[in-house]
Amino acid sequence: MVSVAQEAPGALEAVRELLNSWLIPNDTRQPDDRFDAWAAAHAVPPADHAGVRWLRDELRSAVEGKADPDAVVTAWIERTGVRPRVSGGSLRFRHDGGTAGDLLVAVVTAVGDGTWRRLKTCPDCRWAFYDHTRNASKRWCLMSAGGPDGRSCGSIAKVRAYRARQASAPGIGSSDAG
Ligand SMILES: [Zn+2]
């Protein structure tokens, strides 16, 4: 059986779910913002909605490489007042940021334990997934479709690349030797 595990460890999974409250469904291929459903499912107080949606959009830009991840997380640390303390020999965090602060603590913790860089988005369908590979080399969401929500962006990309190579292959007599 092929593993299609994409869940992030610990509290980082809540961040991944938040990122995927904006998605491009397989069937329609039209961007769909399901933030309200996500917020309802996670009992997010209405007063926190705007801030959490803003956090989602900025974290998504960071994970997608459209914004500097360090700058985005640092700005949100300041915005939510996240500060560390030591309790029972362990690092804990306080904040003044409500739900966004809770989510940011999960991000800060993930930065600290090295899991943050493994949260990625597929360059094709933009689905957020956690890279469980040994050397963090995974690029596409799933290399093969694995269930009702399975995508096959990696396979599709390979076919595209193959076709592009075929299309651009020089004809007989037109290529340089060697
Ligand atoms: Zn994909």
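Points worth noting:
- Relative exposure of D70, D102, D27, judged by other C-beta atoms within 10 Å (fewest first): D27, D70, D102
- Length released on extending from E13 to A37, taking residue separation times 0.36 nm less the Cα-Cα span: 7.0 nm
- Counted by neighbouring Cβ atoms within 10 Å, the residues R126, R16 run from fewest to most as R126, R16.
- Taking only the Cα atoms of region 42-123, the radius of gyration and Dmax are 13.0, 42 Å.
- Cα-based shape type of the chain, given that a ≥ b ≥ c are square roots of the gyration tensor eigenvalues and the cut on a/c is 1.5: prolate
- Ellipticity at 222 nm from helices only: DSSP H runs of n ≥ 4 in the chain, each -39500 (n - 2.57), divided by the residue count, give -13000 deg cm²/dmol.
- Extreme residue, positive dipole direction of region 30-91, given options V52, V72, G89 (C-beta unit charges): G89
- The calculated FRET efficiency for the pair D70 and Q166, based on their C-beta separation and a Förster distance of 30 Å, comes to about 0.15.
- Among K138, K120, a tally of other beta-carbon atoms within 10 Å of each Cβ gives an order, fewest to most, of K138, K120.
- Extending 7 Å from Cα along the Cβ direction at K158 and again at V111 yields two label points whose distance is 3.6 nm.
- Between S137 and I24, the simple label model (points 7 Å from Cα in the Cβ direction) yields a spacing of 2.6 nm.
- Kyte-Doolittle at least 0.5, axis length at least 20 Å by Cα - qualifying DSSP helices, the chain: 98-113
- Total charge dipole magnitude, the chain, about the Cα centre, Cβ charges on Lys, Arg, Asp, Glu only, Debye to nearest 20: 520 debye
Just so you know, all these numbers are worked out from the coordinates, no wet-lab data involved. On a predicted model such as this, the values are computed, not experimentally measured, just so you know. Glycine also receives a Cβ, built like all others from the backbone with ideal geometry; neighbour counts cover every protein chain displayed.
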